[in-house]
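The values are calculated or read from the model by the stated rules, or taken from the named source; none is laboratory data. All values derive from a computational prediction rather than experimental measurement. Here the Cβ positions follow ideal geometry from the backbone for every residue, glycine too, while neighbour counts run over all protein chains shown.
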Amino acid sequence: SKKLSSTIQEAPLTSDVAYELADIDWDSLGFALMPTDFMYIMKCSRGQTFSKGELQRYGNIELSPSAGVLNYGQGLFEGLKAYRKQDGNILLFRPEENALRMRMGAERMCMPSPTIELFVDAVTATVLANKRWVPPPGKGSLYIRPLLMGSGAVLGLAPAPEYTFLIYVSPVGNYFKEGIAPIHLMIDTEVHRATPGGTGGVKTIGNYASVLKAQTAAKAKGFTDVLYLDCVNKKYLEEVSSCNVFVVKGNVISTPSIKGTILPGITRKSIIDVARSQGFQVEERLVDVDELLDADEVFCTGTAVVISPVGSITYHGERISYRNGGIGVVSQQLYSALTRLQMGLTEDKMDWLLEL
Ligand code: COI
């Protein structure tokens, strides 16, 4: 039928592979929600373990007005991506790392969480059910968003009596409107993202709500986003609202160490390994804000942002520029190495890919 044929396009870079694709404009994906066909839902009571979930048509969910997540922020999220290979198959990048991080976060937030195997199986089932939404090679990826929340009703402050694990997906392109072009950051000296002993090291939803004000103010001034400093000394780099940060000086690449206030990014961890395999010396340590002054390059990493070169950082009104505002050679090299690996264009020596 006409309708069916309009949703079948040939993969652009090969001549012999055809697979079903949703009928959308694959050339204009940004990072915005595009509803897809199915979502995965699984529930369990406090003290129990998650066992069996199901795929449902994508749509709104029902929650009690007194759900723990709505009232007290008892919630976590994850983010990972699926890429389309040249042969039409689909690649997941390190999904068990997200499963593990969700388990660590759940422990901090007093929630039960799916086992690694259950998590990966659920992600796989959700991606396969929505496979016509995985962009063709080179056009973007399918962003996968697992959620874990206290869905049971509470009134007094306590862990919720019931939990919901949910996965939805959306095809995405670049996170920042700049694309792979350098972003412009400002350091907010008043707002801090995380505190020692707090929840900065887990992917709880509140970490993201709490930076909206600083992020909105930075955007109103023309910056892309905010780079936060530690709240105790107010001089060590932490991270950006939605990504980790790296500083390049010669052959040495430094990034803030994981010490409770830094989100342990999976792209961060992967880039450390990729950079080492390419001969860079990578240091995880305290990075002083003054080091920004004589760095060669700065870049950000995250699942959503991938690798984003930083063109400038403004601190106390002073603008520090990198590589004349262009894409740094190291950022470019690491971006290319990582994305080629994620798309299945180079050998998966580290065994990071799960092929569906
Ligand atoms: C991701 O990079 O996947 C994240 O979870 C960050 C989010 C703010 C988009």
Inset, instruction - Just one of (1) surrounded by fewer than 21 Cβ atoms within 10 Å (Cβ to Cβ); (2) touching a helix residue (DSSP H, G or I) at 6+ places or on another chain (Cβ under 6 Å) trips up residue 273, so point out which. - result: (2)
Inset, instruction - Confirm whether residue 169 is touching a residue at least 24 places away in the same chain (Cβ under 8 Å), of a type in the set (A, V, I, L, M, F, W, C), crowded, with 21+ Cβ neighbours inside 10 Å and under 21 Å from residue 203 (Cα atoms). - result: yes
Inset, instruction - Read through the list (1) within 30 Å of residue 356 (Cα to Cα); (2) within 16 Å of the ligand (Cβ to nearest atom); (3) not aliphatic (A, V, I, L, M); (4) not in a loop (DSSP other than H, G, I, E, B), then give the number of the only condition that residue 336 fails. - result: (2)
Inset, instruction - Would you point out which residue out of 290, 294 is more than 18 Å from residue 193 (Cβ to Cβ) and part of a loop (DSSP other than H, G, I, E, B)? - result: 294
Legend entry - Residue count, region 278-303 (criterion: surrounded by fewer than 19 Cβ atoms within 10 Å (Cβ to Cβ) and either touching a Ser or Thr at 6+ places or on another chain (Cβ under 8 Å) or in contact (Cβ under 8 Å) with a residue 60 or more places away in the chain (or both)): 6
Legend entry - residue 318, sole failed condition from (1) in contact with a Ser or Thr (Cβ under 9 Å, 6 or more places away or on another chain); (2) charged (D, E, K, R); (3) away from the ligand (no atom under 16 Å from the Cβ): (1)
Legend entry - Among the residues listed as 196, 146, the single one being assigned to a loop (DSSP other than H, G, I, E, B) and either surrounded by fewer than 15 Cβ atoms within 10 Å (Cβ to Cβ) or under 17 Å from the mean Cα position of the chain (by Cα) (or both): 196
Legend entry - From the options 41, 61, residue that is modelled with pLDDT of 95 or more and assigned to a strand (DSSP E or B): 41
Inset, instruction - For residue 262, state whether it is closer than 24 Å to residue 136 by Cα, not aromatic (Phe, Trp, Tyr) and not in a helix (DSSP H, G or I). - result: no
Legend entry - Selected residue (criterion: farthest from residue 126 (Cα to Cα)) from residues of region 64-84 that are among the charged types (D, E, K, R) and assigned to a strand (DSSP E or B): 84
Legend entry - In region 66-95, residue surrounded by the fewest Cβ atoms within 10 Å (Cβ to Cβ) [restricted to those that are within 24 Å of residue 134 (Cα to Cα) and more than 16 Å from the ligand (Cβ to nearest atom)]: 87
Legend entry - Unique residue being in contact (Cβ under 8 Å) with a residue 40 or more places away in the chain and more than 16 Å from the ligand (Cβ to nearest atom) when the list is 123, 134: 134
Inset, instruction - Being free of Cβ contacts under 8 Å to residues at least 40 places away in the same chain and under 14 Å from the mean Cα position of the chain (by Cα) is the filter; apply it to region 254-270 and report the residue that is surrounded by the most Cβ atoms within 10 Å (Cβ to Cβ). - result: 265
Legend entry - For residue 259: the one exception among (1) within 16 Å of the ligand (Cβ to nearest atom); (2) at pLDDT below 95: (1)
Legend entry - In region 203-256, the residues that are within 11 Å of the ligand (Cβ to nearest atom) and part of a strand (DSSP E or B): 225, 239, 240, 243, 244
Inset, instruction - Could you tell me whether region 273-281 includes any residue that is under 25 Å from residue 216 (Cα atoms) and away from the ligand (no atom under 16 Å from the Cβ)? - result: no
Legend entry - Pair list, Cβ < 9 Å and 6+ apart or interchain, from region 202-214 residues that are touching a residue at least 12 places away in the same chain (Cβ under 8 Å) and more than 13 Å from residue 190 (Cα to Cα) to residues that are surrounded by 19 or more Cβ atoms within 10 Å (Cβ to Cβ) and of a type in the set (Val, Ile, Thr): 205/69; 206/199; 207/199
